[in-house]
1. Residues to consider are L176, L202; find the one that is of a type outside the set (S, T, N, Q), surrounded by fewer than 17 Cβ atoms within 10 Å (Cβ to Cβ) and touching a Ser or Thr at 6+ places or on another chain (Cβ under 9 Å).
2. Being in contact (Cβ under 8 Å) with a residue 24 or more places away in the chain, within 22 Å of A106 (Cβ to Cβ) and not in a strand (DSSP E or B) is the filter here; which residues of region 30-61 pass it?
3. Does at least one position in region 105-117 carry a residue that is over 27 Å from M49 (Cα atoms), within 19 Å of the chain's Cα centre (by Cα) and among the aromatic types (F, W, Y)?
4. Can you find, within region 171-205, the residue that is nearest to C14 (Cα to Cα) among those that are assigned to a helix (DSSP H, G or I) and in contact (Cβ under 8 Å) with a residue 40 or more places away in the chain?
5. How many residues does region 70-109 contain that are without any contact (Cβ under 8 Å) to a residue 12 or more places away in the chain and at negative phi?
6. With respect to V72, determine if the residue is part of a loop (DSSP other than H, G, I, E, B) and among the β-branched types (V, I, T).
7. Looking at (1) out of contact with any Phe, Trp or Tyr (no Cβ under 9 Å at 6 or more places or on another chain); (2) surrounded by 15 or more Cβ atoms within 10 Å (Cβ to Cβ); (3) of a type outside the set (F, W, Y), which is the only condition T181 fails?
8. Only one of D76, D44 is in contact with a Pro (Cβ under 8 Å, 6 or more places away or on another chain), among the charged types (D, E, K, R) and within 22 Å of D126 (Cα to Cα); which?
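Since every read-out is calculated from the coordinates, none of them should be taken as a lab result. Source: prediction; values computed, not measured. Cβ coordinates were reconstructed from backbone atoms using ideal geometry, including for glycine residues, and neighbour counts include every protein chain displayed.
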Amino acid sequence: MVLYYVHDPMCSWCWGFIPVLKDFLEKLPDGIRVKRLLGGLATDTTAPMPAAMRQTIEATWRRIQETIPGTVFNHDFWTQCSPRRSTFPACRAVIAARMQGAAFDARMTRAIQLAYYTQARNPSDDVTLVELAGELGLDTSVFVAALRSEPVQQQLLAEIELSRQLHATSFPSLVLKTDSTEWRIPVDYNDSTPMLEMVAELTVA
């Protein structure tokens with residue numbers, strides 16, 4: 001059995017989900033392989049984010065703080081950076097980091113989230129992503145070459161396509177795939193128990 005975790009490193013709900021996701025994954029039954037998939041929230045663009053969209057996303061941050069107690073956002077991002085509605089660079093950065101070791105998938109995702117949500121740094125910019133790669137101890141020359149390569153872009157598109165095939169069109173999403181069936185696991189942002197109970201029922205069945 002495979003549990004797919006479909007996410008985007010610049011998805012604010014994915015950021016809020018981190019503590020419960022960690023608990024959920026640690027308590028999964030034996031025999032379930034976890035596979036992380038990048039869903040690709042927003043394509044490449046050089047256009048500044050429209051003011052209305054900025055207001056909507058910042059309001060979403062505040063709603064997440066109300067919905068998921070303890071979630072931290074640094075709202076200085078909106079005045080210190082030049083936001084763009086583009087998460088594909090951050091997604092490619094996760095793939096490029098992963099190519100230097102599987103553990104760097106989650107580590108780069110975490111670094112992007114910390115930079116974006118707590119340090120007012122813009123992960124839509126390649127310069128930020130290269131800085132993060134260096135901070136993680138990655139070979140930055142290899143990282144840069146991969147980040148802008150066609151194979152990494154094609155891998156991202158393949159993961160997006162698989163996410164769609166799994167009907168995981170919102171992020172974060174959890175999909176448990178058995179031999180013949182795919183089951184959506186409803187995300188609970190404050191308690192891993194309902195998700196673990198559903199997985200237990202499906203694995204017993």
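1. Working: L176 fails: surrounded by fewer than 17 Cβ atoms within 10 Å (Cβ to Cβ).
The unique qualifying residue is L202.
2. G31, I32, G39, G40, L41, A42
3. No, that holds for no residue.
4. Pass one, region 171-205, residues assigned to a helix (DSSP H, G or I): 193-204.
From the residues that got through so far, the ones that are in contact (Cβ under 8 Å) with a residue 40 or more places away in the chain too are 195-196, 199-200, 203.
Numbers: M195: 16, L196: 18, V199: 20, A200: 23, T203: 25 Å.
By that ranking, first place goes to M195.
5. Here is the first cut: in region 70-109, the ones without any contact (Cβ under 8 Å) to a residue 12 or more places away in the chain are 79, 98, 101-103.
Applying the additional criterion that residues be at negative phi yields 79, 98, 102-103.
Total meeting the criteria: 4.
6. Values: part of a loop (DSSP other than H, G, I, E, B): yes; among the β-branched types (V, I, T): yes.
Judged against the criteria, V72 is a match.
7. Only one criterion is unmet by T181, namely (2).
8. Working: D76 fails: in contact with a Pro (Cβ under 8 Å, 6 or more places away or on another chain).
Among D76, D44, only D44 is in contact with a Pro (Cβ under 8 Å, 6 or more places away or on another chain), among the charged types (D, E, K, R) and within 22 Å of D126 (Cα to Cα).
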